[in-house]
1. Could you compute the FRET efficiency for E291 and S144, with r as their C-beta to C-beta distance and R0 at 56 Å, rounded to 0.05?
2. Pairs of alpha-carbon atoms within less than 8 angstrom and 6+ residues apart define the contacts here; what relative contact order does the stretch 229-378 have, in percent?
3. Give the distance, in whole Å, between the Cα centre of the stretch 1-75 and the Cα centre of the stretch 319-356.
4. How big is the stretch 229-378 in terms of Cα radius of gyration and Dmax, in angstroms?
5. Given a Förster distance of 35 Å, report the FRET efficiency between A220 and A136 from their Cβ-Cβ distance, rounded to the nearest 0.05.
6. Which of the cysteines in the chain are isolated, no other cysteine C-beta under 4.7 Å?
7. Under a straight-distance cross-link criterion of Cα-Cα below 13 Å, which aspartates and glutamates are reachable from K316, leaving out those fewer than 8 residues away in the same chain?
8. Using alpha-carbon pairs under 8 Å, 6+ residues apart, how would you state the relative contact order of the stretch 122-223 in percent?
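Read the figures in this text as sums done on the coordinates, not as results from a lab. Bear in mind that the values here come from a model prediction, so they are computed numbers and not experimental data. As a convention, Cβ positions derive from the backbone with ideal geometry for all residues, glycine included, and neighbour counts pool all protein chains shown.
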Amino acid sequence: MDFQLTDEQAAVRELCRDFAREVVAPAAEKLDREHEFPYDIVRRMGEMGLFGLPFGEQYGGAGGDFLAYCLAVEEIARADAGVGITLEAAVSLGAAPIHDFGTEEQKSELLPDLLAGRRLWAFGLTEPEAGSDAGATRTRAELSGTEWVINGAKQFITNSGTRISAGVTITALTGPREISAILVPAGSPGYHILEPYRKLGWHSSDTHPLAFDGCRVPEANLLGKRGGGYGQFLHTLTGGRIAIGAHSVGLAQACLDAALAYAQERKAFGKAITQFQAVQFKLADMAMEIELARTLVWRAATGYMRAPESSGEVRKLAAMAKLYASETAKRCADQAVQIHGGYGFIEDYPVARYWRDVKINEIGEGTSEVQRMLIAREIGAG
Ligand SMILES: Cc1cc2nc3c(=O)[nH]c(=O)nc-3n(C[C@H](O)[C@H](O)[C@H](O)COP(=O)(O)OP(=O)(O)OC[C@H]3O[C@@H](n4cnc5c(N)ncnc54)[C@H](O)[C@@H]3O)c2cc1C
């Protein structure tokens, strides 16, 4: 077993680490405070090839691999969780389903702009009455002549409402117990992007509810096979969960970085608080858990690269990586605030933002409870 990164993977990590430190981190506090979408950073990440990292060169991808992409997500999220999730959602939820299930025509029309980060595509699975129970979709699409007529609503959709958002892939009922995926371009008649949410964290990322009110798109916008929507979103979420695991590792690492630097400076009882064993143990536990989470993400990413069609084993590893990394990040954010004492509760210190940002990692792309259900099923316990 070899835990060494290839030269290409190490180079991607280095490039993203430098970019995150020099460009993303200095902007993070203002993006968070002003709830600002990072257009300029997205453009630059596009020029660096980050949106096309795990895809082949045929449609403008960078020809890297899935682990390299996870390393990029980790490094960007370490500087700003909202920017990190913008990248993750654009790649894993936006471009990947089109790449994996699209027709030649759909791919050549949409992917070049998406893989260059010039446009963003969203993924609309969650509904007001269908979250964890994603199969309970109520949105309907009916064929009328050569068009799908869509009625329904989607909830909490990332990257759906920016000025570079090009559209959304939705799941909809196309018959009794038949879920299909349909591409809905921005500007389609009857497609409404509603006011953005007022969120607890991830302030630099874009999230809206969507409404479909007799929305019409061409019949050819069906993605993959009619009735294949359920399998498609399970596959999409497997890759997405590994990438969310990487995002969580980045956030956890940011907590350790900030807590260690603060503890080395802060004095109490005449010495730096790193001299107290209680503080040392918190930092040691954070470092150990981050290393474990990162190892699990790498393992799941490597499995996914070998079997991208999502075998049961890969689904289990993806759920474990997402679950363990997000809960590690949550613990690390708690401890980082604790090590900062009262200052950790003040927005001048980035750990306050990390603490707000981290909670959703235990919820988005499947809650911790859903990951435990998946793992239990895969080990034969459910
Ligand atoms: C900022 C943000 C961005 C998001 N981006 C997207 C996106 O781009 N696309 C998209 O489709 N969705 C997106 N989501 C939605 C997200 O994936 C859902 O919120 C999540 O899957 C949970 O669904 P829910 O909110 O309906 O909670 P529910 O499903 O209502 O769950 C409520 C609680 O019940 C628990 N629960 C439910 N069923 C069970 C069970 N069988 N056993 C045990 N416990 C259970 C859950 O774990 C949870 O604790 C986003 C959400 C947020 C907040």
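1. Working: r = 55 Å, r/R0 = 0.99.
According to the calculation, E is roughly 0.50.
2. Values: 182 pairs, mean separation 50.4, N = 150.
Relative contact order comes out at 34 percent.
3. 22 Å
4. 17.3, 62
5. On the way: r = 27 Å, r/R0 = 0.78.
Approximately 0.80, to the nearest 0.05.
6. Singleton cysteines: C16, C70, C215.
7. E378
8. Working: 233 pairs, mean separation 32.0, N = 102.
Averaging sequence separation for qualifying contacts and normalising by length gives 31 percent for the stretch 122-223.
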